[in-house]
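Take a look at the structure set out below.
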Amino acid sequence: MMNNTVISVKNMVKKFGHFTANDNLNFEVYKGEIFGFLGANGAGKTTAIRILSGLSEPTSGEVIVAGFNARHQAEKIKKNIGYMCQKFSLYEDLTVKENITLYGGIYGMSRDLIRKRTNELLEKLKFHEYENRIIADLPLGLKQKLAFSVAVLHEPKIVFLDEPTGGVDPITRRQFWEMIYQTAEMGITVFVTTHYMDEAEYCDRISIMSDGKIVALDTPENLKNKYHAGSVEEVFIKIARPANN
Amino acid sequence: MKRFIGFVKKEFLHIFRDYRTLFILFGIPAAQILIFGYAVSMDIKNAGIAILDLSHDEITQKLTDKLISSDFFRETENLLNYNDIDKVFKKGKTKAVIVFEQGFGKKLISQGKASLSIIADGSEPNTATLVTNYTMAIVNSFTTELAGPVTTPSISILPEVKMFYNPELKSHFMFVPGVITLILILICALMTSVTITREKEFGTMEVLLVSPLRPIQIILGKVMPYFILSLINVIMILLLSWLVFGLPVKGSIILLLAECMLYIMMSLTLGILISTVSSSMQQAIFISLIGLMLPTILLSGFIFPIENMPVIYDYVSAVLPPRYFITIIKNIMIKGTGLAFVWKETLILTIMTMVFIGLSVRKFKIRLE
């Protein structure tokens, strides 16, 4: 294993009864990389993310995340990852500051560190005026940005983003991706699923899942060349579609 | 531990920020106690009773005076024989007739027991129950007073007299145990199931599960505030019924609070169980209200005595935890009995709690998969 490998998946299989959700997956993700995880609905993305984030165990195979085995070190994995899902991960009835403090506390950060990071974060997002407002009062775009900032507050090794930009306007999406780039530059690996194919183009590497298998894994550029396609969207349609039918 | 404390703090914030939750937690119990309490005490102001005194002695006269001077009753008529009873009821002003048997006072002194009948107008069942309960309470206190000087030479009178008059002492304060039973199961089960399904619905549960918090910490963190608030609630209800209605707790307060904690725990685990089977808040509310509130009100013995139910309902109510709790706290609060008399019910509640915990843990695990 290379020294800067943060996720290493070998022969990962996950079965639910007779149904095979993940069929022999093999891939590696490196430090500071933006890794796009694409696939049609039901292709097995969610199952894979749940295993990688320590929520469920693989049926067989070896899964190492942030240096820990997903089979019996799930608790250690959880301390080293951040997570943001498509639904809101912030509490609507708590203020911006209370949400930050809560998640900081859950990840075992000291009070001083939480205070310091909170200030940095509010500064960076120009959020000071919202500090004591409850989340429900914020516009959707701000909420998403804040949710992402909270997910990386404890500076995890990897952050999992499950369709983070659903329902967000194009300008906010762009700003959101700028934040993703900044995060990756800090050395935090970004593992992102999305349905927006233009977003897939921003990733360093993408994998495309179909029917529980990874059918393509490379840089967007290489994939486009290989499949003689003008965009990732075309690549996706060419190889992910048969599985959908 | 620090993670856990932060999480519990957040749960309190949820509760204190939502005035509806606060209202359900503290407003409704207080309102119930006051409504039930005042409805009861107003119904029985100056209710008409008639006396049929077949004995005409000093004791019956004293007891009659005590009844009539009590604010609760006024005398409508003095009857001469049994045939008058029907007539006096038909006039409508009399709610009950008190009948002293012949030689009442003599028997009471010589044999330590005497018969007194309370014949109530059953066409108004609530008033009838209230009037009989009040009468019995007054008669009871009268015998206690009477027994005082008499007991000194002969020790045996007091228990015998008590035995004769309603040993169950169905008190007019029955509603307090009932309200505690209802409020606790509602608040604990409803609130926990709603607060957990809310996290599911808003997607925050997923984030919590991915965090280093263990599932058991999440569950404990969610129910802990409700455990504390429910306990405060019990104390509030007891204080309120003591200050406003003068209802003391006859038995051990510590035992009473311990039993309440057991019952709260049972209700909380029930709430967790409900949350694992329901996917939305509405569903959780629906299951809690229909599944818990109605059976508790109707079948637990809160309003309708279980002894009067058809056998089938008796069996149905046997699986309802409130039935046992109501028996326990009635015993402790009103009769003043100790654990020796309620150990069976306590054991049943404990077993039920264990079963609910077992089921919830299994269900919760299955859902995680």
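Each row is one residue, and each column tells you yes or no for (1) in contact with a Pro (Cβ under 8 Å, 6 or more places away or on another chain); (2) aliphatic (A, V, I, L, M).
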position	(1), (2)
A:Ile7	no, yes
A:Phe19	no, no
A:Ala40	no, yes
A:Ala43	no, yes
A:Ile51	yes, yes
A:His72	no, no
A:Leu94	no, yes
A:Tyr107	yes, no
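Quick test for you: out of B:Val207, B:Val223, B:Val234, B:Val194, pick the one residue that is of a type in the set (Val, Ile, Thr), part of a helix (DSSP H, G or I) and within 10 Å of chain A (Cβ to nearest Cβ).
Of the residues listed, the single one that is of a type in the set (Val, Ile, Thr), part of a helix (DSSP H, G or I) and within 10 Å of chain A (Cβ to nearest Cβ) is B:Val207.
Could you check A:Ile100 against (1) more than 16 Å from A:Pro156 (Cβ to Cβ); (2) of a type in the set (A, V, I, L, M); (3) part of a helix (DSSP H, G or I) and say which number it fails?
Result: A:Ile100 passes all but (1).
Please pick out the residue among B:Leu190, B:Leu182, B:Leu186 that is under 10 Å from the mean Cα position of the chain (by Cα) and modelled with pLDDT of 50 or more.
B:Leu182
Enumerate the pairs (first residue in segment B:205-230 and more than 18 Å from A:Ile51 (Cβ to Cβ); second residue anywhere and basic (Lys, Arg) and part of a helix (DSSP H, G or I)) with beta-carbon separation below 8 Å, excluding pairs fewer than 6 apart on the same chain, so at least 6 apart or on different chains.
Going by the 8 Å Cβ cut-off, the qualifying pairs are B:Leu213/B:Arg3; B:Gln217/B:Arg3.
Filter segment A:83-97 down to the residues that are without any contact (Cβ under 8 Å) to a residue 60 or more places away in the chain, facing chain B (nearest Cβ under 8 Å) and surrounded by 21 or more Cβ atoms within 10 Å (Cβ to Cβ) and list them by number.
Once the filter is applied, which keeps residues that are without any contact (Cβ under 8 Å) to a residue 60 or more places away in the chain, facing chain B (nearest Cβ under 8 Å) and surrounded by 21 or more Cβ atoms within 10 Å (Cβ to Cβ), segment A:83-97 yields only A:Tyr91.
If you go through segment A:166-187 one residue at a time, do you hit one that is more than 21 Å from B:Lys9 (Cα to Cα), within 12 Å of chain B (Cβ to nearest Cβ) and in a loop (DSSP other than H, G, I, E, B)?
Within segment A:166-187, the first condition is being more than 21 Å from B:Lys9 (Cα to Cα), and the residues that meet it are A:166-187.
The next check asks that each one be within 12 Å of chain B (Cβ to nearest Cβ); those that pass are A:166.
The next check asks that each one be in a loop (DSSP other than H, G, I, E, B); those that pass are A:166.
Among the residues of segment A:166-187, at least one is more than 21 Å from B:Lys9 (Cα to Cα), within 12 Å of chain B (Cβ to nearest Cβ) and in a loop (DSSP other than H, G, I, E, B), which makes the answer yes.
Tally up the residues in segment B:108-119 that are touching a helix residue (DSSP H, G or I) at 6+ places or on another chain (Cβ under 7 Å) and part of a loop (DSSP other than H, G, I, E, B), please.
Within segment B:108-119, residues that are touching a helix residue (DSSP H, G or I) at 6+ places or on another chain (Cβ under 7 Å) and part of a loop (DSSP other than H, G, I, E, B) number 3.
If you scan segment B:10-26, which residues turn out to be in contact with a Ser or Thr (Cβ under 9 Å, 6 or more places away or on another chain) and either of a type in the set (Phe, Trp, Tyr) or more than 7 Å from every other protein chain (Cβ to nearest Cβ) (or both)?
If the condition is that a residue be in contact with a Ser or Thr (Cβ under 9 Å, 6 or more places away or on another chain) and either of a type in the set (Phe, Trp, Tyr) or more than 7 Å from every other protein chain (Cβ to nearest Cβ) (or both), then B:Glu11, B:Ile15, B:Thr21, B:Leu25 are the ones that fit.
What tally of residues in segment A:184-200 results from selecting those that are closer than 21 Å to A:Lys87 by Cβ and among the β-branched types (Val, Ile, Thr)?
Final tally of qualifying residues: 4.
The values are calculated or read from the model by the stated rules, or taken from the named source; none is laboratory data. Computed from a prediction, not measured in an experiment: that's the story for all the values here. Because the Cβ atoms are built from the backbone with ideal geometry, glycine has one as well, and the counts that use them run over all protein chains shown.
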